[in-house]
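See structure below.
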Amino acid sequence: MPTTPMTEKVPYSALPLASPPAHSPAAFPAPRGSPEQQHHRRSSSSWGPTQGDSASAESGSSESGRRPLSGRFIPGEAGAVARGEIGSGLGPYAPNMPSSTGLQHNFASTTHYQPTRFSAFPSTYSLYVPASASPNQRYSRFSMLSDAPSSVFLPPTKQGERPYSYAPGGIFWDSADEDDVLHNPEPAKDQIKDRRCDPLSGRGWMNVGAVTLLLAALITLFAGYPVIQYYTRAKATNLGAYGLGGTNGTGQIPDIPGVPTLIDRATPKSAYTRTGFDKKEYTLVFSDEFETEGRTFWPGDDPYWEAVNFWYWPTGDLEWYSPENIFTKDGYLQIRIDETRVDDLDYKSGMLQSWNKFCFTGGYVEFSISLPGSGEVSGLWPGAWTMGNLGRPGYGATTEGLWPYSYDSCDVGTLSNQTNPDGDGPAAALEPNSYGGSLSMLRGQRVSACTCKGEDHPGPSPNIGRGAPEIDALEAQVEQAYGQGAASQSAQFAPFDAGYWFHNSSSDIEIYDSDMSFRNSYQGGSYQESVSVVSLLGTKNYELGSGTFQTYGFEYFSDPKERDNGYITWAVGDKPTWTMHASTVRANPLTEIDRRLVSEEPMSIIMNLGISQGFAAVEFDKLRFPATMKVDYVRVYQHKGKTNIGCDPPDYPTWDYISRHPEAYNNANWTTWNQAGYSWPKNSLVDHC
């Protein structure tokens, strides 16, 4: 940009006012539609610099006494802006079009209009120019005139140059700016660049990379993310019950107002953990403190418990079990037995089950109980025990062929009477027992490891033996020889050892206090083998004694991968009473059977109060009614970090099998599997499948 040396300040009065071309009728257009404006519009396209303009400027002739400024005329919108037609208040878009049509370049006649950036009138952005500057040099970038006070003077930049001051040739910027390259087309150069193609250029790689990244992101979002989520998200589970999230068999869910959660909120924090008899840490996985007053247990009343309504015929009981006789009161679960005749039975009592509602596999279960009646009178039969969920206690069709099997071998132990298909061996199975009957009167294991493919089986495979084993934390009785109560703590098994003599060396069975605990004289019969020890209890923990509470429980471990390490340890109070190891029921060559297993089935919980002459002598004349068994709490613990609760675990499923046989599992009147309308599965040893 050429520079002009600054020689003097130009006074405001000396600044020129632009003149229109000589042949133009006016410096500014007349009002829209007037003859002058029409002439102006017709002739504007031909305006341009003339010698007359220049001469006029040099002569200084003007009706205002100022020198006219000569310069080339700029056509188009830029020219319209410069002439004030647009934006200065004098053009056709002006909001205050002057009424006079005789506007000339007289400054005094137009001062009432507001100046704009591109106005022909005084501007605060105008610059001082030297007096010696040519007319074109007197124009700033933003205005043709300057109205800055004479006391204001913008300092020169370099060599006297003023900001926005341009060389002669026009009132607008004519020299190239630094940013002109961004918007000035150069066809020749652009054509050369457009023809150039370099696929390996950095810009090309960046474009391809950006597109590739965008495509990958879209594919990942719409295709990859659903796949990733499917394999990484936590799988929904029914927690061993019927529905997702643990909905139980009656359609209820654990966490609803007024109903206990898996861990009762009333359970003290001190009871959340325990150190097991195996010296390992256990955590609480289930508890019920029975603190809520007035709970009932009719079908559908409770998410974890249900009271039954039938006669428990398998053990020849003398009572009818009714939900009316089970309720919570004073912070306890109460099971009451009274002399009320029901269906030709003289007594009415209660049995509470968690069957198909809450089950656990492995761990420690503990009951806090105040026993009914007196510890000196025989006859009442309170119990706290567990059974594999494939068998529903009291529903004979479901337990036939399943209770008390805990067996996973395919041999004669799965067959009826534990004899071979011809019925002539083994010899130990043919010998009568001490009661004059056969060693086994069981029909055989219904869903055994010998089940033929395609036959009815709960899974997960037909070559896996399934059953409904039983483990008892407490069956209370009176040891009349000692004049006090006692707890029979046992596990029931099938098939049976010869003579029901399980292995009982010191490496098989441990009794921790022989003064208080001893082997039970009853070891089994034609329907069960009982591995049992009796522990004395005294009399104070009975209703007619001090009425205090005592805890009874058992801790057990079972694992299909560690079957030799299985064990059950029973306890009264905080001390263990005895332990049976897996070797106690190892293989028996006399009856040609393999080892029985510490239960691997999901176990449900049962509490009941009965009377049966098949269990103990009944002193009818000494019993007092009503009698009440009180339960303070039930708690279940498992190894820390190894929780296994639920009635339908994947390795020992039960839900599908139960749902496919509703008649057997919902009608207690059926006593056999065939009566319920189902056929006995084929056994490969007999049916040669």
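The values are calculated or read from the model by the stated rules, or taken from the named source; none is laboratory data. As the structure is a computational prediction, the values presented were derived from the model and not from experiment. Using ideal geometry, Cβ is built from the backbone for each residue, glycine included, and neighbour counts are taken over all protein chains shown. Remember, those area values only see protein heavy atoms, side chains included, never the ligands or the DNA or RNA. Shrake-Rupley method; radii C 1.70, N 1.55, O 1.52, S 1.80 Å.
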(message) Quick one: 3J(HN,Hα) in Hz for segment 568-580, Karplus 6.51/-1.76/1.60 with θ = phi - 60°, rounded, Gly and Pro as x.
(response) 9, 10, 9, 9, 10, x, 9, 10, x, 9, 6, 9, 10
(message) For the full complex of protein chains and a 1.4 angstrom probe, list Asp330, Asp632 by accessible area with the highest value first.
(response) Asp330, Asp632
(request) For Thr340, tell me the accessible area in Å² from a 1.4 Å probe, rounded to the nearest 10. (result) 50 Å²
(request) Please arrange Lys640, Lys329, Lys561 by accessible surface area, largest first, computed with a 1.4 Å probe and ligands excluded. (result) Lys561, Lys640, Lys329
(message) What are the ³J(HN,Hα) couplings of segment 309-317, residue after residue, when phi is run through the Karplus curve with 6.51, -1.76, 1.60 and θ = phi - 60°? Round to Hz, x for glycine and proline.
(response) 9, 6, 8, 8, 6, x, 10, x, 5
(request) Pop out the Kirkwood hydrodynamic radius of segment 580-646 from its pairwise C-alpha distances, inverse of mean 1/r, in Å to one decimal. (result) 17.2 Å
(request) Return the long-range amide H neighbours of Val572 (sequence gap of 5 or more, or a different chain), with a cut-off of under 5 Å between placed amide H atoms. (result) Thr577
(message) If amide hydrogens are placed 1.01 Å from N in the peptide plane, which non-local residues have theirs closer than 5 Å to the one on Phe327?
(response) Gln334
(request) Quick one: what are the phi-derived ³J(HN,Hα) couplings along segment 460-469, Karplus 6.51/-1.76/1.60 with θ = phi - 60°, whole Hz, x for glycine and proline? (result) x, 8, x, 9, 10, x, 10, x, 10, x
(message) Under the 0.36 nm per residue contour assumption, what length would be gained going from the current alpha-carbon distance of Lys329 and Asp424 to full extension?
(response) 28.4 nm
(message) Please report the spacing between the Cα centers of segment 589-611 and segment 485-536 in Å, no decimals.
(response) 13 Å
(request) Give, in nm to one decimal, the length gained when the segment between Asp564 and Glu186 is fully stretched (0.36 nm per residue of separation minus the Cα-Cα distance). (result) 127.0 nm
(request) Specify which residue in the list Phe493, Ala449, Ser505 is farthest towards the positive end of the charge dipole of segment 437-565, using unit charges on the beta carbon of Lys, Arg (+1) and Asp, Glu (-1), about the Cα centre. (result) Ala449
(request) Quickly work out the Ser506-to-Glu663 label distance, labels modelled 7 Å from Cα along the C-beta direction, and quote it in nm with one decimal. (result) 5.7 nm
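Tell me, in nm to one decimal, what length is gained between Arg624 and Thr672 on full extension, where the rule is 0.36 nm per residue of separation less the Cα-Cα distance? Could you put the intermediate results ahead of the total?
On the way: separation 48, 0.36 × 48 = 17.28 nm, distance 3.60 nm.
This chain segment gains 13.7 nm when fully extended.
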(message) Whole percent per 5 Å bin, from 0 to the bin with the longest distance: what is P(r) over all C-alpha pairs of segment 310-434?
(response) 2, 8, 13, 16, 17, 14, 11, 9, 7, 3, 1, 0, 0
(request) Assuming R0 = 35 Å, can you tell me the calculated FRET efficiency for the pair Leu200 and Thr220, based on Cβ-Cβ distance, to the nearest 0.05? (result) 0.80
(request) Quick one: which residues, 5 or more positions from Gly538 or on another chain, have an amide H under 5 Å from its amide H? H modelled 1.01 Å from N in the peptide plane, none for Pro or chain starts. (result) Gly485
(message) Quick check for you: which residues of segment 472-490 have the amide N under 16 Å from the point 7 Å beyond the Cα of Phe518 toward its beta carbon?
(response) 477-489
(request) Would you mind computing, in nm to one decimal, how far apart the modelled labels at Tyr435 and Ala587 are, each placed 7 Å from Cα along Cα→Cβ? (result) 3.0 nm
